[in-house]
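Notes follow once the structure below has been shown.
The values are calculated or read from the model by the stated rules, or taken from the named source; none is laboratory data. All figures in this text were calculated on a predicted structure; none of them were measured in a lab. Cβ placement follows ideal geometry from the backbone for every residue including glycine, while neighbour counts extend to all protein chains displayed. Surface areas here come from the heavy atoms of the whole protein model, side chains and all, with no ligands, DNA or RNA. Shrake-Rupley method; radii C 1.70, N 1.55, O 1.52, S 1.80 Å.
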Amino acid sequence: DTEVTQTPKHLVMGMTNKKSLKCEQHMGHRAMYWYKQKAKKPPELMFVYSYEKLSINESVPSRFSPECPNSSLLNLHLHALQPEDSALYLCASRPGLAGRNEQFFGPGTRLTVL
Amino acid sequence: AQSVTQPDIHITVSEGASLELRCNYSYGATPYLFWYVQSPGQGLQLLLKYFSGDTLVQGIKGFEAEFKRSQSSFNLRKPSVHWSDAAEYFCAAINSGGSNYKLTFGKGTLLTVNP
């Protein structure tokens, strides 16, 4: 099983709203990632959690707040976003075992900020 | 600086024709290499990976890739393309020598398949 799930599939929010994106994996993977992808571009790394601890923050604005409540769940809390934050947000997980460094991606959440 | 280059932004092939997508990397040591495919509005699906060993790697959906250290390349191939292969293809790499598992992506190659 190599499935990473993300909810919601689509999200429309105003600049004053607070919303959250959710990502789950039940493969026992030890690292989880958030990426942002704009149209016709490769994904850009935002955050990395390793063993439920934040290990990489790619200088992401504070209006994006990640959370890893447990080893299977990753949230991205959104507040006071800007229209330029509209993008596809992808979650990924990595086994973290020796010889298993590939990342498995979820289907993404299409975010529109009005 | 570490980088992954996909020289072709857009490739068009006819259904049934062979396909080769190019990927070059620039790393101090041989990185771990990956090919991902992305259909419109979807997530990325892992096609295949190279960590070490046999330089010809078999993946899903009939794809294969060949690692060539002398050319710093990891090109993706398929002998006969299907219309459903139309998608964006990303080559990616991870530094094999450290604990930073940050993926570096190429800019992607958009594949169009003509009937």
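Points worth noting:
- Listed by chain and number, the lysines whose C-alpha is less than 20 Å from the C-alpha of A:LYS40, apart from same-chain residues fewer than 8 away, are A:LYS9, B:LYS107.
- Sequence-separation-based contact order of chain A, relative, with Cα cut under 8 Å and 6+ spacing, percent: 37
- Förster radius 22 Å - calculated FRET efficiency between A:ARG30 and A:SER65, Cβ distance, rounded to 0.05: 0.50
- For chain A, the share of DSSP beta bridges that are antiparallel, to the nearest 5, is 90%.
- Portion, in percent, of the accessible area of the range B:16-112 that falls on carbon or sulfur, probe 1.4 Å: 47
- Mean separation of Cα contacts under 8 Å (6+ apart) over length of chain B, as relative contact order %: 37
- Restriction of the trypsin sites (Lys or Arg not before Pro) in the range A:39-114 to DSSP coil positions whose beta-carbon has at most 15 other beta-carbons within 10 angstrom yields A:LYS40, A:ARG63.
- Buried solvent-accessible surface, both chains (B, A), 1.4 Å probe, Å² to nearest 100: 1600
- Interface residues in the range A:67-114 - accessible area drops by 40 Å² or more relative to the isolated chain, probe 1.4 Å: A:ASN101, A:GLU102, A:GLN103, A:PHE105
- Counting only residues at least eight positions apart within a chain, or on another chain, the aspartates and glutamates with an alpha carbon under 12 Å from that of A:LYS38 are A:GLU84, A:ASP85.
- Restraint check, A:LYS53/B:LYS61; A:LYS22/B:LYS49; A:LYS53/B:LYS49, Cα-Cα greater than 31 Å: A:LYS53/B:LYS61
- The range B:1-35 and the range B:49-115 have Cα centres spaced 6 Å apart.
- Of all accessible heavy-atom area on chain A, the percent that carbon and sulfur account for (1.4 Å): 51
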